[in-house]
1. Out of all the residues in region C:10-31, which are of a type outside the set (A, V, I, L, M) and either open to solvent by less than 60 Å² (accessible area, probe 1.4 Å) or outside any helix (DSSP H, G or I) (or both)?
2. Please go through region C:57-75 and pick out each residue that is open to solvent by 30 Å² or more (accessible area, probe 1.4 Å), outside any loop (DSSP other than H, G, I, E, B) and within 13 Å of chain A (Cβ to nearest Cβ).
3. Of all residues in region A:36-56, which are more than 10 Å from chain B (Cβ to nearest Cβ) and not aliphatic (A, V, I, L, M)?
4. Can you find, within region A:86-110, the residue that is nearest to A:SER54 (Cα to Cα) among those that are in a loop (DSSP other than H, G, I, E, B) and within 12 Å of chain B (Cβ to nearest Cβ)?
5. Mind checking which residues of region C:159-173 are open to solvent by 10 Å² or more (accessible area, probe 1.4 Å) and either touching a strand residue (DSSP E or B) at 6+ places or on another chain (Cβ under 8 Å) or more than 19 Å from C:GLY136 (Cα to Cα) (or both)?
6. Do we find a residue being of a type in the set (D, E, K, R), open to solvent by less than 30 Å² (accessible area, probe 1.4 Å), under 29 Å from C:ILE141 (Cβ atoms) and touching a Ser or Thr at 6+ places or on another chain (Cβ under 6 Å) anywhere in region A:117-135?
7. Among the numbered conditions (1) under 26 Å from A:ALA196 (Cβ atoms); (2) in contact (Cβ under 8 Å) with a residue 60 or more places away in the chain, tell me where A:PRO44 comes up short.
8. Please determine, by comparing only the residues of region A:207-241 that are surrounded by fewer than 19 Cβ atoms within 10 Å (Cβ to Cβ) and among the aliphatic types (A, V, I, L, M), which one is modelled with the lowest pLDDT.
4 protein chains.
Amino acid sequence: MTLFSPDVEAAIMQVRVDVARLHGELVRYGLVVWTGGNVSGRVPGADLFVIKPSGVGYDDLTAENMILCDLDGVVVSGTSGSERSPSSDTAAHAYVYRHMPDVGGVVHTHSTFAVAWAARGEEIPCVITGMADEFGGPIPIGPFAIIGDDSIGRGIVDTLRGHRSRAVLMLNHGPFTIGVTAADAVKAAVMCEDAARTVHLAREAGPLIPIPQEKIDALYARYQNVYGQAGDDRRDDGVTS
Amino acid sequence: MTLFSPDVEAAIMQVRVDVARLHGELVRYGLVVWTGGNVSGRVPGADLFVIKPSGVGYDDLTAENMILCDLDGVVVSGTSGSERSPSSDTAAHAYVYRHMPDVGGVVHTHSTFAVAWAARGEEIPCVITGMADEFGGPIPIGPFAIIGDDSIGRGIVDTLRGHRSRAVLMLNHGPFTIGVTAADAVKAAVMCEDAARTVHLAREAGPLIPIPQEKIDALYARYQNVYGQAGDDRRDDGVTS
Amino acid sequence: MTLFSPDVEAAIMQVRVDVARLHGELVRYGLVVWTGGNVSGRVPGADLFVIKPSGVGYDDLTAENMILCDLDGVVVSGTSGSERSPSSDTAAHAYVYRHMPDVGGVVHTHSTFAVAWAARGEEIPCVITGMADEFGGPIPIGPFAIIGDDSIGRGIVDTLRGHRSRAVLMLNHGPFTIGVTAADAVKAAVMCEDAARTVHLAREAGPLIPIPQEKIDALYARYQNVYGQAGDDRRDDGVTS
Amino acid sequence: MTLFSPDVEAAIMQVRVDVARLHGELVRYGLVVWTGGNVSGRVPGADLFVIKPSGVGYDDLTAENMILCDLDGVVVSGTSGSERSPSSDTAAHAYVYRHMPDVGGVVHTHSTFAVAWAARGEEIPCVITGMADEFGGPIPIGPFAIIGDDSIGRGIVDTLRGHRSRAVLMLNHGPFTIGVTAADAVKAAVMCEDAARTVHLAREAGPLIPIPQEKIDALYARYQNVYGQAGDDRRDDGVTS
């Protein structure tokens, strides 16, 4: 017995495979330790998303133990993995999916340098061209919010809605990133930590040279439009499959 | 000929397997170099614990060459591995097991950032939510103590008894962590270094924003109670097996 | 049907194999994340070079999907991989090959410490003998330039022509390195990041001791002439194949 | 035809195997990049040592391509690998073997943090117990010396003779370490970088707490005598084989 149409079942399975695999990228780039961090992906054509189970190690993640939730963050019972609890950040992911319909993926980590900026409540200034390409300006700080209600989700949405950046550093907590797909959100998480690390190191050794705003704008515009392969979703480039 | 009842023999074997495997997590997270560092685990239902042999490389650790000790830290002769010497920190582990009956695992490393705080005798302030979750406040400094008597073990116990933190930074030396199981103590060692590194980097770039005490309390309370999968020992979540 | 003489076809294939493989060295030494960074190699005896496709992950690079370009950076249609777009830095590579006939390889990365110096517009002083060996003095800063015309290529050539250094840090952007072969340029990228990291860390802890210029000259002269195996191209030593 | 007695041939082969393998430890602990760094080992019972060939990549090192030299650093012709040049640091290794008869192994790297101290000409203070165990006090600075005569070897010997430390940081250059075996010298190289990194990070965040000299003495004395397994050479513990 299946709960959904064959098309939706197929879409769910694809997202399960992608989300399980993409967690490996968090490990590869050193963004997570132990069971921390989580990736989710929206199921195209359905009010559903797939997310990591809570407190399960990265070596043990499979398409089958990913957890299917509705957009309120409630586990869809009777589906693969539904006997386990979803990530403790599930409510925040769900809030983002409900309020940002173009978002297809959400990632949360406690990656070291991004958390360091978050502990000071300081946005990351855009002083390197790679950051201009990827984020189109600074990476902003979101409000202090703790688990228990919608405050984390609301903080993410309020900060990123209308912002070029796909990454927000939640105060004293860490980065959440969004993307058009789960892979795009994972890429944003990788590039966010890369920017956080590079600008941290640059600044500790002396004054930074700003990039003129019109150059930032030009770099961002080009990157959104021409990078990667024709026919690719721009933001999904480079994902191994 | 076996020395113990079949139940105790089975429990010993399980702890041997766990302790040998958990040393690999110290390597995975870069907490140890060469033969430094050690994990031990208490044998449930017996006054025994299992610990790493002294001066043996991480590639060569097996369930069979782990060493079985009584709670005075004396090797149980005639058991697997007993022809070798146990870790030179065995007396400290034994002291903890004797004086903290709820402790099921102890870990010691010289992980880089934790030792850096220890060399300044400075506790790690709790300015990130991940640290509030895991340690419920700052990670404290223990006294200066050197091998040769009970002073290391006593320093660990005196510092951690009644403290939320499962990690102590022994002055000029390095971290010891405890847990309800060996896996829990290893998790604490991983999270201790993660906190030490992140807060070090955060602070070197400017003033830190404190987290209000009641928020720290709320995060710690939640994490002790609801994180991970129902039915899991909270502190044993996420261990691959 | 082949487009070139058998000799040139064989040379192209050899450069494809080398360039695909050498991208793995960027990963090994942590110089790149996601799909960033690129290596190219000139085809000996032809006005051609081989470069990475744009936005393709490092796990997926093969000799076959490397892209063959002429010295204007135009993809040679009908050749293996030509259905994809070449690296977005292709114009800069092409400019270097047109204007520096002795250059056989070009590499670009956003490696962390090199970018940190670039964000301050500060050359890396030559205070360690390994840097004197490899670069014969400081690693210079190039101008600010963004993609869209010849300004990046011109900045590289104007900075490195007649300079001992095979690495330039383009302002607010990152390192480009050149070499007599693609392997030599990759070696320069690895050693540039190593120097950038080491001198960053050295200087943050106190004043550096300069190396007398005549000692730098002597080290550089020796390294160009006697290091490595007799019969090796000096700059191609140590490449695993 | 063999050049040596069967016993010496067997000893040479054992040292070749050990030295080739031990280079892998330099890679494992991130002490070297590209073809930099070298390990040598004295052949017990003969005036010979085995060293890395110059400019060969770490993936390509085998017992067979290690190079056999006499104590003047001259390659023994007709032996395996003798068609290649030995490490460009061979003269320094040879000088050490000639002047320190108890030394059985020598290692040289450009490991990052050790070189950073060397670029400031600053000895590493002994503020952590792991350093007291291993080096018995500070790690000293050696003179500025460049390749071309005996000055590097002489600087090593003059600094380390009668010193507890098995590591010296040659000014503006990097660490050389010695040991009773090649494995012991490699261990010293690993622990030297670990100490250099930890004390660098400790000090950049505030004042360090000194360890009383008599405690350093006690730790060093204990470690020389009781660490590791009975019957082991103390300094050879923990080497996987």
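The values are calculated or read from the model by the stated rules, or taken from the named source; none is laboratory data. Just so you know, these numbers come straight off a predicted model, no measurement behind them. All Cβ positions, even for glycine, are placed from backbone atoms using ideal geometry, and neighbour counts span all protein chains on display. Areas reflect the complete protein model, heavy atoms only, side chains present, ligands, DNA and RNA absent. Shrake-Rupley method; radii C 1.70, N 1.55, O 1.52, S 1.80 Å.
1. Result: C:ARG16, C:ASP18, C:HIS23, C:GLY24, C:GLU25, C:TYR29, C:GLY30.
2. C:TYR58, C:ASP59, C:ASP60, C:VAL75
3. A:GLY37, A:ASN38, A:SER40, A:GLY41, A:ARG42, A:PRO44, A:GLY45, A:ASP47, A:PHE49, A:LYS52
4. A:SER87
5. The answer is C:THR159, C:LEU171, C:HIS173.
6. Within region A:117-135, not a single residue is of a type in the set (D, E, K, R), open to solvent by less than 30 Å² (accessible area, probe 1.4 Å), under 29 Å from C:ILE141 (Cβ atoms) and touching a Ser or Thr at 6+ places or on another chain (Cβ under 6 Å).
7. (1)
8. Result: A:ALA230.
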